[in-house]
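S.K.: Dropping the structure in here first, questions after.
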């Protein structure tokens, strides 16, 4: 057998094993979805064992020495000569994953899966009770396990590693190549731009209120009170599903359910699931939650099915994934052109709540800017300040510079400093996000990266697609979806985040387009 034939055979075996691992992962994803939606609470202990077993089995197969041997055979062959070819991309990313996984002992992988499965149920209970002390022992276990994981990935033998080094090891799992030092620079630049914008908006809002300019629906005094009228849950569900389908979410290959914390999960080809949570007195919770998760789902449904189980069939990073959700939720879903089509329909569906509301009033409500306690309810302008707070706290927790018992007070202090508000209880404070209970440290920065990428992608799409606003006003978003399919979705992991954004937009990732878009939009709304 020639070297070329040997490499081809090794590559086929490598892909077969990768797809087997993907099927195992999809089983875990399905169990997680069930756990967050329909599983009875009494099944949590057994579910923890199931998740631990699957995680251990996946780890054992993913770290099989034969996998490394196959990578070595293919890695030196002509199959990977073209770095953008599917074989080269698959080998590059499979090698990266293999090297990371072989640094982690199976007992740690199983312990993380078991602990986080149980911790998520305790988080729900603690959040319901608004009592951090109930969740604290679980967070302590998770932080200890994540420090151990980060130390393994950092090739450091003890836990006395600087927090940044530990953080970078975990961050790399979600945004390959990103570093906390670079994020700190980006976050500081954003803070310097956003804080003055928030202050300018607050002053404009107060001025408009004082001058009585809000009677016709200008942004300001009425705030988002319109969205807190009665919106029957069954009608919210129908309206949300109608919009989701119109944007391109395929209900023949996906479904929408209810959970405590909205999420999207791709089970496999033909099966992408999203969730939301409904509140009769808060229209935005479910509706914009649906738009957000639909953005994620469109990415999942747009990945090439023929590459399932390989890096060419996977999303490039969580930052890019988040760019898709934030683009549809904010750039599209809060735009005037979008609501020119959907607001008349919303007025019919929610007649008792919206019969006396004009389009301008509604737009002002869905784009209302005010410091808020809950991240998922935050407006576009203040949202990234929430992420900066979590980033700083995570760094301190991993570096053991912040005792876990002091987290609630540290959280409240940072909210006072950044947003001028203080949580009334732990549910409004450090218990509001599911991420830490799921062991997702290093995840939060990808939300802000998503906002940065989204603004850049949308600006480029608008430049490339003349008349996009007119299309939205007709209820047609097909052109935008096709553009995203072509420039983002179809590539899988062919490119890392930075080169992908650069290829799609002809510019390196930067926060300029985001800041420009915010000033333009809110300048118009608030008369800045």
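S.K.: Among the residues of region 414-432, is there at least one that is over 20 Å from the mean Cα position of the chain (by Cα), part of a helix (DSSP H, G or I), without any contact (Cβ under 8 Å) to a residue 24 or more places away in the chain and outside the structural domain of residue 119 (by TED's automatic domain parsing)?
M.R.: yes
S.K.: Another one. Please find, among 46, 32, the residue that is part of a helix (DSSP H, G or I), assigned by TED's automatic domain parsing to the domain that holds residue 78 and within 19 Å of residue 260 (Cβ to Cβ).
M.R.: The conditions single out 32.
S.K.: Something else: Have a look at 354, 407, 397 and point out the one that is within 23 Å of residue 131 (Cα to Cα), more than 22 Å from the chain's Cα centre (by Cα) and crowded, with 19+ Cβ neighbours inside 10 Å.
M.R.: Sole residue among the options that is within 23 Å of residue 131 (Cα to Cα), more than 22 Å from the chain's Cα centre (by Cα) and crowded, with 19+ Cβ neighbours inside 10 Å: 407.
S.K.: Failed condition for residue 26, given (1) surrounded by fewer than 14 Cβ atoms within 10 Å (Cβ to Cβ); (2) closer than 23 Å to residue 95 by Cβ, with all others met?
M.R.: So residue 26 meets the others, but not (1).
S.K.: Could you list all residues from region 476-487 that are in a loop (DSSP other than H, G, I, E, B) and surrounded by 16 or more Cβ atoms within 10 Å (Cβ to Cβ)?
M.R.: If the condition is that a residue be in a loop (DSSP other than H, G, I, E, B) and surrounded by 16 or more Cβ atoms within 10 Å (Cβ to Cβ), then 477 is the only one that fits.
The values are calculated or read from the model by the stated rules, or taken from the named source; none is laboratory data. None of these values were measured; they are calculated from a predicted model. All Cβ positions, even for glycine, are placed from backbone atoms using ideal geometry, and neighbour counts span all protein chains on display.
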